[in-house]
Amino acid sequence: MTPEISDWMPWLAATAQKTLDISCLLDPQGQMVYLNQAAETIFLAPERMELCWLAEFDASDAPSSALSQLDILQKATDEQSWRGFLKHRLPGADWTSLAVTVVPLAADTGEIARFHLSGHDITALSLPALPSITIETPQFDLMMGLLEDVVSLHDDHLNTLYATPAVSRITGLSPKQIVGKSAFIRIHPEDRQRVLHTLRCLKRQGEAVVRWRHSNSTGEWCWLETRVRLLESSWAPATYLCATRDITQQLATAETVLWRTQHDILTELPNREYFLKQVQSAIDTLPSEHMLATLFIDLDGFKRINDSLGHETGDALLRVVAQRLRDTLRTHDSVGRLGGDEFTILLNPVHSIEETEVLVRRILPAVARSVMIGGQELFVGTSIGISLYPDDGIDPETLIQHADVAMDQAKRTGNNFCYFDRSMHDATQERLRQERCLRRALDQGEFEMHYQPLCDPQTGEVGSLEALLRWKRPAGEQSISPARFIAVAEECGLIEPLGSWTLQTVCEQAAAWHTEWGSCPIVAVNVSTLQLTQPWFLRRVKSVLSTTGLPPDRLEIEITESALLGQGNVAQQTLAGLHALGIRIAVDDFGTGYSSLSYLRDLPLDCLKIDAAFLVDLVNSPQTQAIIRAIIELSHALDLEVIAEGVEEAAQRRILAELGCDRIQGFLISPAVSALAIPDLLHRLKDEETHPAPLHLAA
């Protein structure tokens, strides 16, 4: 025995003990020297057992063709194995029948040291040969008619020789209609090779079970399960004995349960787990010269529809989108729903990026078409992220994750679709790091408010302060701009606690100044679009004013143009409620977005803040001066104040004063300072000479 085989012997012995088949070792004289657990339950007392070895099965109690055990061992030695049957019993007990195989095991010297006996119990399956049946035909037919399963006999060519009456219930065909005809012609073409393979295996297994589809009397396919047994020559002309039952409903039930575990019930698309399996299967079978493309799709505008029109409308829209995605795909492509308004598509295969883009551009217009639901015409767009196998990942999870990252990039940049690249992954990791830091900062109080004065460009009188959020990073950590960490807060859902903290802190500080000084400048607080569109925001402002005691006319809410455009009625109702309290409303960064002048007329606004980008070439550009003049004149005509941001030069201040700008803000006046520094700053600004000489503009 080689060392390798010796190492495996404990494993083989353990396996033999666990198997359900019998496994025995016999010495050269035929005495049992080892029995596994299955053999021990059958050979209860080997020394008292009556054994009967048969080359062919004989169901009688006194078989005439029995062989001696030594003859069996000799045949196994001569032919390297022997297959047959072993009947055994204790005195006075019934016979137990086994289908067995005997194999000689040689020692290193070449001499036979042991014989291995393996087999399984076939007592329950043992049937006498047809010639031995002595029951009268009416009795036999009655007995066979009670069987739920179909029992049948077939020859070498699967011609049916006999079938019990149950065949009518299962197939709709009477025994007379199928006897004498080949069962093969009614086997589904896709199942024929499997059935033939099963029959070929019978020569070494003796018995097998196969599932196949059968054409019934109406031409429909029903699933059958057949236990087939190879018969001895004494059964001739019968070769196969079969017991068949209908498992169509069983499989349908199992298939339904499996389908529900693998699919999204709403859209009937594969769910995340099943889609991942589809991607893995595609990876495993993909030719080396091909690629796969994984698409991560997010619906733009779906949340607005779902929130405003209800979940029933949202669900109906998702079903329409799911069907449109199906309709755009090729035969081997797959589409799944991850949840919410997120879908995934596997393009299998693609040969180039250009081919991928063609398929993506087929999806975009298909989803963008209007949808009529409940009498309303609805529109949604799509943002699509794309990752490619193997360049962007070699496993399904990574491919979907990278496609998701690319989708976020597409949404941020306003593109319909975007391919993944490694820099996006780095950016995503950085955003996750910033999110962790942001949560820590909220917990540990690392934020503080600074205040920047806004003054009259002619007199220098300070009329208001803008509250600006600052993050005191721990020593050694890189600073993060407010624009960046506020964007991260919105992405990760921290804008609500951060915004609430900001509003509370600013109002508490302004109320303290108001109490100490008898009055205080108006204090402006920036509010994000996400905050403004929440129905709870107005209640939150009322609560803060009530608890701090700050007069509402001392508070100004600054919003961006994007908060006014395309945000529905919630934002407008919130603005109306704030204005009704006496709170001032300012539009920040005016002129940088997709401006719609109608909101200047329709919404309760108090002032516009001209973005600092307009001031860059203000001094040297008559065109810029003309634009700012037009903004100021329009605003004043609508009874709105105008504030210019980013004033850094005295010349800019003089021009803005000449144009009639109401207030200016920027480093020329002062950078933002802490609340503790505000009293000294206001005192200094009041004492300074702030009457710039007018700058005459060209006509």
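The values are calculated or read from the model by the stated rules, or taken from the named source; none is laboratory data. This structure is a prediction, so every number in the text was calculated from the model and none was measured. All Cβ positions, glycine included, derive from the backbone under ideal geometry; neighbour counts span all protein chains shown. Keep in mind that these areas ignore ligands, DNA and RNA; they rest on the heavy atoms of the full protein, side chains included. Shrake-Rupley method; radii C 1.70, N 1.55, O 1.52, S 1.80 Å.
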Determine the pairs where a residue that is without any contact (Cβ under 8 Å) to a residue 60 or more places away in the chain and part of a loop (DSSP other than H, G, I, E, B), located within segment 306-325, has a partner that is surrounded by 17 or more Cβ atoms within 10 Å (Cβ to Cβ) and of a type in the set (A, V, I, L, M) with Cβ atoms under 7 Å apart, the partner being 6 or more residues away or on another chain.
-> none
Could you please let me know if Cys455 is buried (at least 21 other Cβ atoms within 10 Å of the Cβ) and touching a residue at least 60 places away in the same chain (Cβ under 8 Å)?
-> yes
Say whether the condition of being closer than 22 Å to Leu309 by Cα, without any contact (Cβ under 8 Å) to a residue 60 or more places away in the chain and touching a helix residue (DSSP H, G or I) at 6+ places or on another chain (Cβ under 9 Å) is met by at least one residue in segment 345-359.
-> no
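Can you confirm whether Leu266 is open to solvent by 80 Å² or more (accessible area, probe 1.4 Å), among the aliphatic types (A, V, I, L, M) and not in a strand (DSSP E or B)? Give the steps one after another, and end with the answer.
Working: open to solvent by 80 Å² or more (accessible area, probe 1.4 Å): no; among the aliphatic types (A, V, I, L, M): yes; not in a strand (DSSP E or B): yes.
So Leu266 does not fit the description; no.
Take the residues of segment 502-556 that are in a helix (DSSP H, G or I), among the hydrophobic types (A, V, I, L, M, F, W, C) and in contact with a Gly (Cβ under 8 Å, 6 or more places away or on another chain): which is modelled with the highest pLDDT? It would help to see each step written out before you state the result.
Narrowing segment 502-556 to residues in a helix (DSSP H, G or I): 502-517, 529-532, 537-548, 552-554.
Cutting the leftovers down to among the hydrophobic types (A, V, I, L, M, F, W, C) gives us 503, 506-507, 510-513, 517, 530, 532, 537-538, 541, 544-545.
Still in the list and also in contact with a Gly (Cβ under 8 Å, 6 or more places away or on another chain): 511, 538.
Working: Ala511: 96, Leu538: 92.
Looking at residues that are in a helix (DSSP H, G or I), among the hydrophobic types (A, V, I, L, M, F, W, C) and in contact with a Gly (Cβ under 8 Å, 6 or more places away or on another chain), I get Ala511.
Report yes if Leu338 is aliphatic (A, V, I, L, M), in contact with a Leu (Cβ under 7 Å, 6 or more places away or on another chain) and in a strand (DSSP E or B), otherwise no.
Working: aliphatic (A, V, I, L, M): yes; in contact with a Leu (Cβ under 7 Å, 6 or more places away or on another chain): no; in a strand (DSSP E or B): yes.
Criteria not met by Leu338.
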Do we have any residue at all in segment 282-296 that's of a type in the set (Val, Ile, Thr), without any contact (Cβ under 8 Å) to a residue 40 or more places away in the chain and either in contact with a Lys or Arg (Cβ under 7 Å, 6 or more places away or on another chain) or farther than 22 Å from Val360 by Cβ (or both)?
-> yes
Quick one: Lys609 ticks every box in (1) assigned to a helix (DSSP H, G or I); (2) within 25 Å of Asp553 (Cβ to Cβ); (3) of a type in the set (Lys, Arg) except a single one, so which number is it?
-> (1)
If a residue has to be of a type in the set (Ser, Thr, Tyr) and loosely packed, with under 15 Cβ neighbours inside 10 Å to count, how many in segment 163-203 make the cut?
-> 2
Is it true that some residue in segment 306-321 is within 30 Å of Gly172 (Cβ to Cβ) and open to solvent by 80 Å² or more (accessible area, probe 1.4 Å)?
-> no
Close pairs (6 angstrom Cβ cut-off, 6 or more residues apart or separate chains): touching a residue at least 12 places away in the same chain (Cβ under 8 Å) in segment 175-204, assigned to a helix (DSSP H, G or I) and surrounded by 15 or more Cβ atoms within 10 Å (Cβ to Cβ) anywhere | Pro175/Val167; Ile187/Val195
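From Arg324, Arg337, which residue is surrounded by 19 or more Cβ atoms within 10 Å (Cβ to Cβ) and in contact with a helix residue (DSSP H, G or I) (Cβ under 8 Å, 6 or more places away or on another chain)? Steps first, answer last, please.
Working: Arg324 fails: surrounded by 19 or more Cβ atoms within 10 Å (Cβ to Cβ).
Checking each option against the conditions leaves just Arg337.
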Would you please name the residue that is farthest from Leu685 (Cα to Cα), looking only at residues in segment 438-464 that are part of a loop (DSSP other than H, G, I, E, B) and of a type outside the set (Asp, Glu)?
-> Gly445
Picking from Thr41, Thr19, Thr96, the residue that is at pLDDT 75 or above, open to solvent by 50 Å² or more (accessible area, probe 1.4 Å), of a type in the set (Val, Ile, Thr) and over 11 Å from Phe115 (Cα atoms) would be Thr41
Are there any pairs with C-beta distances below 9 angstrom linking a residue in segment 247-259 that is among the small types (Gly, Ala, Ser) to a residue that is surrounded by 11 or more Cβ atoms within 10 Å (Cβ to Cβ), with the two at least 6 apart or on different chains, and if so which?
-> Ala252/Trp223
